[in-house]
Amino acid sequence: MRQISQDEYDLLTSISNRCGVDLSSRGLSPSVNVNPMDDGGMGSLLFILNQSSKNKRVYGRTIIEGEFYDLDGSVVSLAVNVDSEDRLLEMDVWKTDFSPLIKVPPPNIPFRFRIPDMSK
C-alpha cells in the first residue's frame with residue numbers, strides 16, 4: 001500500500017473535471033492510499049479508503065471510461081470504477097499491446113472519454 005502519486009492524482013483530477021464527474025466526493029484526495037494491481041505494470045490502482053473495507057468492497061459500476069496514447073503510440077484504455085456504495089474502487093488501466101505503461105500521462109493528455117449510462 002502506498003499514497004497515490006502526484007502524477008496519478010493529477011491525471012484523475014483532470015479527466016474527472018473534463019468528464020464532469022466528481023471523484024473527490026467518492027474518495028479521491030492527494031493523500032488517498034492505493035495498491036498497485038497485478039497487471040504487468042500497466043498502472044491499475046485499487047483505492048484503499050479505509051483499512052476495514054480493504055477486502056469487503058465489491059464492484060458497483062464504471063463511472064468514467066476512455067482512451068489515451070502511451071509514449072510508444074499504443075492505445076491505453078482507462079476506466080474508473082466505484083464500489084457498491086459509490087466510493088472509488090479502482091482505476092483500471094489496460095494497454096492494448098499488454099506492455100507496461102511507459103509513463104503516467106500529464107493531466108492535459110488528449111483523452112477520448114465516454115461516461116457510461118448511469119441509469120443501469
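The values are calculated or read from the model by the stated rules, or taken from the named source; none is laboratory data. Predicted, not measured: the structure shown is a model, and the values here were computed from it. Only protein heavy atoms, including side chains, enter the accessible area calculation; ligands, DNA and RNA are left aside. Shrake-Rupley method; radii C 1.70, N 1.55, O 1.52, S 1.80 Å.
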Next item on the list: Among the residues of the range 58-106, write down those that are under 13 Å from the mean Cα position of the chain (by Cα), open to solvent by 20 Å² or more (accessible area, probe 1.4 Å) and of a type in the set (A, V, I, L, M).
Entry: Val104
Note to self: Take the conditions at pLDDT below 95, of a type outside the set (Lys, Arg) and within 15 Å of the chain's Cα centre (by Cα) and apply them to Asp39. Does it pass?
What the structure shows: yes
